[in-house]
Amino acid sequence: MKKKDEISSEEKVIAAAVTEFAAHGYDGARVDVIAEKAEVNKAMIYYHFKSKEMLYERILKDITEDIFSRIQESAVGDGDPLDVFYSIINGYIKMLNSFDRAVLQIMLREMASGGVHFRKIAIPSLAVPVLSLVEPLIKSAMEKGRMRKVNPYYTFMQIIGGIIFFNIMKIPMEGSVLEKTVFKEGYLEEFSENLFKILKNGLEIKDGNL
């Protein structure tokens, strides 16, 4: 971890902006508050990022590029397309659970506000490349008789959508009766085990039986 005097002004601004955007969303975030939290003047923010929109989109780009990088790293296996597909799903589970609460809040607020910036940043830098990675795996698994005939795009988006929703729900569930039931100790392992039971029973073709 860098010492405070080793952190650049740009890094300070990004860290402060993540907190502000997480708390108030893009529309509600204020540049002067970000400057105060980062301990820089507003001119420094505009020097690095030109505008609030460019600062926000830089953060979204960093998040989505980090996600895709981790997904690529998780795409490993012995060559069996279904195993590689499962490895990607497992990587998603672990990755989203490791995200800072602020990142999840930014994602939640962005989608709730219509996803305008998500469409501009995340679709080309995350959604398209990930689907391009996953589609041939699913098609290959179907061709080899390992997976039922499904729509590759719908299948992956439904699985990932469930994982994302589960992680985001940690925020509104905090302090509720359900928190202790759903997010109890060891919940991640149990969630992963449960999901893969559903996937293996729902997707896989075993002994040639549909």
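The values are calculated or read from the model by the stated rules, or taken from the named source; none is laboratory data. What you see is a predicted model; the values in this text were computed from it and never measured. Cβ coordinates were reconstructed from backbone atoms using ideal geometry, including for glycine residues, and neighbour counts include every protein chain displayed.
Name the single residue that is nearest to A23 (Cα to Cα) among those in region 151-210 being of a type in the set (D, E) and without any contact (Cβ under 8 Å) to a residue 24 or more places away in the chain.
So the residue we want is E174.
Of the residues A122, A127, the single one that is in contact (Cβ under 8 Å) with a residue 24 or more places away in the chain, assigned to a helix (DSSP H, G or I) and small (G, A, S) is A122. If we scan region 97-106, do we find a residue that is in a helix (DSSP H, G or I), of a type in the set (S, T, Y), modelled with pLDDT under 90 and loosely packed, with under 14 Cβ neighbours inside 10 Å? Scanning region 97-106, I find at least one residue that is in a helix (DSSP H, G or I), of a type in the set (S, T, Y), modelled with pLDDT under 90 and loosely packed, with under 14 Cβ neighbours inside 10 Å, so the answer is yes.
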